[in-house]
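The values are calculated or read from the model by the stated rules, or taken from the named source; none is laboratory data. All values reported here derive from a predicted model rather than from experimental measurement. Quick reminder, even Gly has a Cβ in these numbers, built from the backbone with ideal geometry, and neighbours come from all protein chains shown.
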């Protein structure tokens, strides 16, 4: 079966015997049904000048007159010189080796060979010679690759100094002074109510503010490095006591005020043998009948005692000294550098229920001290009106009477609770002329200003101790809403 491939013009057919005349021999062969022409035989020309070329099943090229349909010539296929078996095996082996070759990503030489191979796969090759063997005057393309990068030798690598990470101690310092906005002519609006970011450095800055407030008599309660309502009230009292308008964002002003009142907000303290000796109690029971069975409601640990000594929250004291052994004498710890207690006497006390604050004034009406306070509750409200101080007791015991005061648990009888800082009234009792009411300390200083009391005025133990030394019998205590 013949397959049609293409049609060519007789003028450009490129046949080997162009211009030959038609022979009777070819016509006789056509009459027999097939005419075969060798490479040297003449080929009949088509009458109309057009021929068609086909290939039969044996690969012979059959040339047919396009006008008459007669076979002009039959050319056998070109013989291809077969490759010897040794060359075939060599080529097959090379392909297998190329397929099995491995490249290691951590070996620079392997990676360079892989790169050259990839470039070789995509290089530009000279065009193949077509079937007509026309010569190509162009030179074959020869690609040139850049030389591989130079690898450093082992001695060169050893000459390089080893990389060493230098670890420097962290220096704690206050924030830098803010730039003066007037120098650039820009107006910067700062919200005074927005506190600084609450990271660890800022917490120490806040603790420094609390130390400053504590030194001047504007108590923030416990020094814990946290902003809150107690710090806000202390700022207002500080401005009234000092006559300045210091703000929490004024780092330069705070630094100057600290330097003027006692220096750095933190100092070191060495735990003594007396500190470690106590006495201490293992725990403080909640039930009043269990409290009454103890000899003393003292501190439960050295850290609790030192926290109150330096007006600090116990958890914050431990956070400042994470590796400290508080039970071992000689241990040096970092504590708040609080100042000496205020000594100016007071003549009038105001217990502000709305602000949860106690303010004390001298005879001239100037504010002397201010403390955050817990004043009564909805169930057991505090007194109203004006009362007077009737007596002051240091380290007092406490008489529990459920018929007069409140009922605690299932205790229905009168109990005498022993003295101590962890007693119901702490270490101070400033009695008022209204029976069962007074100003006193607390076993939970961190809750001052945040919880409720049983009708009395509750302060931290250190604030109550300071106030107890400033008052005398007859000082008025006014309760305001």
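Can you confirm whether residue 125 is over 30 Å from residue 147 (Cα atoms), at pLDDT below 65 and assigned to a loop (DSSP other than H, G, I, E, B)?
no
Being in a loop (DSSP other than H, G, I, E, B), touching a helix residue (DSSP H, G or I) at 6+ places or on another chain (Cβ under 8 Å), on the phi < 0 side of the Ramachandran plot and touching a residue at least 12 places away in the same chain (Cβ under 8 Å) is true for just one of 306, 258, 246, 297. Which residue is that?
The unique qualifying residue is 297.
So if I check each of 241, 254, 332, which one is more than 20 Å from residue 370 (Cβ to Cβ) and outside the structural domain of residue 352 (by TED's automatic domain parsing)?
Exactly one of 241, 254, 332 is more than 20 Å from residue 370 (Cβ to Cβ) and outside the structural domain of residue 352 (by TED's automatic domain parsing), namely 332.
Tell me whether region 318-337 contains one or more residues that are at pLDDT 95 or above, assigned to a loop (DSSP other than H, G, I, E, B), within 16 Å of residue 222 (Cα to Cα) and within 34 Å of the chain's Cα centre (by Cα).
yes
For residue 368, state whether it is under 50 Å from the mean Cα position of the chain (by Cα), assigned to a strand (DSSP E or B) and at negative phi.
yes
Can you tell me which residue among 280, 235 is in a helix (DSSP H, G or I), at negative phi and either in contact with a strand residue (DSSP E or B) (Cβ under 6 Å, 6 or more places away or on another chain) or surrounded by 14 or more Cβ atoms within 10 Å (Cβ to Cβ) (or both)?
After applying the criteria, what remains is 235.
Would you check which residues across region 415-443 are over 23 Å from residue 341 (Cβ atoms) and not in a loop (DSSP other than H, G, I, E, B) and list them?
415, 416, 417
From the list 390, 453, 446, exactly one residue is at pLDDT below 95 and not in a loop (DSSP other than H, G, I, E, B). Which is it?
Only one candidate passes the filter, namely 446.
Among what's in region 238-266 and is surrounded by 15 or more Cβ atoms within 10 Å (Cβ to Cβ) and touching a strand residue (DSSP E or B) at 6+ places or on another chain (Cβ under 6 Å), pick the residue that is farthest from residue 447 (Cα to Cα).
Ranking the qualifying residues of region 238-266, first place goes to 241.
Every residue, every condition in (1) surrounded by fewer than 19 Cβ atoms within 10 Å (Cβ to Cβ); (2) free of Cβ contacts under 8 Å to residues at least 40 places away in the same chain, yes or no:
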residue: 428; (1), (2): no, no
residue: 434; (1), (2): yes, no
residue: 438; (1), (2): no, yes
residue: 458; (1), (2): no, no
residue: 476; (1), (2): yes, no
residue: 480; (1), (2): yes, no
